[in-house]
Amino acid sequence: MRNDDYITRTEHPEARYRRRDPVVHAGPANRWNGPLDEGALSAFERDGFLWFEGFFSQDRMAPFFDELADMSRDEELLHSDGVIRDPKSGAVRSVFDMHRISPRFDELTRDARILGMVQQLLGGDVYIHQSRINDKYGFQGAGFDWHSDFETWHAEDGMPRMRAISASIMLTDNNEFNGPLMLIPGSHHEFVPCQGTTPEENWKSSLKAQEAGVPSQQNLQALVNRGGMTAPKGPAGSLLLFECNVLHASNSNMSPWPRSNLFFVYNSVYNALEQPFAAENTRPSFLANRETPQPLELHDPYAAMR
């Protein structure tokens, strides 16, 4: 029987407990080997996320919309398993595997500034575990329930340790009305086991409306009472880096303005996936990269000119 430090999806509710992994994985010798200073590292350790308003310029984001428009006319892509529809409207909710579909998005995963921060926080080389775009159309985009990404990736993908980070890039403005991502600061310090077994092929329904892997209201209340809630908001091009175990959610989009965010999940090459810890079968590759981890290399935009 495998050792499991993060038992979840149990028949009876289990108490939450302190995480058994560091938050910043860089050791003392290489803690400063990256762009983040002590203030940023301490904030990430304390809160579980870092927010960079206007990280990219509006001009840098504009070409991605042209590519997204082309994708919206690709019938083969739109009918693939990696495209998830909104449970109410039927509109596109998520498109997975963006770094494989598009060279432009692939280059963005290897942006020197983002990759440098992620490598510093995770203590070395990383690879892409998952990439996606989450869309919420005006007046109809459904929300996402409270959850820890790590709980899902551990239970259903076999991610052994808390050594992954999501980078969320705002492709549109995120404001208080169009369903911005909400986080519970400091919630990443504890693991919250969830009750209930994982249904077979759970991903087919959970990507539309999550039921398995949702923390209890009692645990959510306690963590919010301690850490509060926040929803980083800003213009297109803003960047949110958040730790894999921080609890987060988002409301439905009640505004006329669309909300479109790009997510890249970086996992340490030393944290390769095993067999799922609380599911019978593995999920598709567009949700969980099970290939032998290949470290990402920085994208050099001037290489072709040399």
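Which value, in Å² and to the nearest 10, is the accessible area of residue 11 when all protein chains are kept and the probe is 1.4 Å?
Result for residue 11: roughly 140 Å² accessible.
Per-residue accessible area for residue 107 at 1.4 Å probe radius, Å² rounded to 10?
So the heavy atoms of residue 107 present about 70 Å² to solvent.
How many angstrom lie between the C-alpha centres of the stretch 205-265 and the stretch 142-181?
The stretch 205-265 and the stretch 142-181 have Cα centres separated by 6 Å.
Helix-only mean residue ellipticity at 222 nm, the chain, DSSP H runs n ≥ 4 weighted -39,500 (n - 2.57), per residue, nearest 500. What is it?
It lands at -6000 deg cm²/dmol.
Residue 126's amide H: which non-local residues (gap 5+, or another chain) put their own amide H closer than 5 Å, with H modeled 1.01 Å from N in plane and none for Pro or chain starts?
Residues meeting the amide H criterion: 269, 296.
Just to be sure I understand, if you calculate mean projected area of the Cα convex hull in nm² for this structure, which of (i) 16.4; (ii) 19.6; (iii) 17.7 do you get?
(i)
What residues from the stretch 215-241 fall in the zone where the backbone N is under 19 Å from a label point 7 Å along the Cα-to-C-beta line of residue 145?
215-224
What FRET efficiency do you get for residue 5 and residue 73 if R0 is 45 Å and r is their Cβ-Cβ distance, rounded to the nearest 0.05?
Working from the Cβ atoms, E equals 0.45.
State to the nearest 20 debye the size of the charge dipole of the stretch 1-109 about its Cα centre, where the only charges are +1 on K and R beta carbons and -1 on D and E beta carbons.
It works out to roughly 520 debye.
Over the chain, what is the relative contact order in percent, taking alpha-carbon pairs closer than 8 angstrom and at least six residues apart?
It comes to 33 percent, rounded to a whole number.
Where only protein heavy atoms count, and the probe is 1.4 Å, what is the accessible area per residue for the stretch 40-180 in Å²?
Here the per-residue accessible area is 38 Å².
When the accessible area of the stretch 110-186 is split by element with a 1.4 Å probe, what percent falls to carbon and sulfur?
Solvent-exposed carbon and sulfur of the stretch 110-186 make up 52 percent of the total.
Tell me, what is the 1.4 Å probe accessible area of residue 68, in Å² to the nearest 10?
40
Read phi for every residue in the stretch 225-232 and hand back ³J(HN,Hα) as whole Hz from Karplus 6.51 cos²θ - 1.76 cosθ + 1.60, θ = phi - 60°, with x for Gly and Pro.
Going residue by residue, I get 4, 7, x, x, 9, 9, 9, x Hz, with x marking Gly and Pro.
The values are calculated or read from the model by the stated rules, or taken from the named source; none is laboratory data. Remember, predicted model here, so these are calculated numbers, not experimental data. Here the Cβ is made from the backbone with ideal geometry for all residues, glycine too, and neighbour counts use every protein chain on show. Protein only, heavy atoms only, side chains kept; ligands, DNA and RNA dropped before computing areas. Shrake-Rupley method; radii C 1.70, N 1.55, O 1.52, S 1.80 Å.
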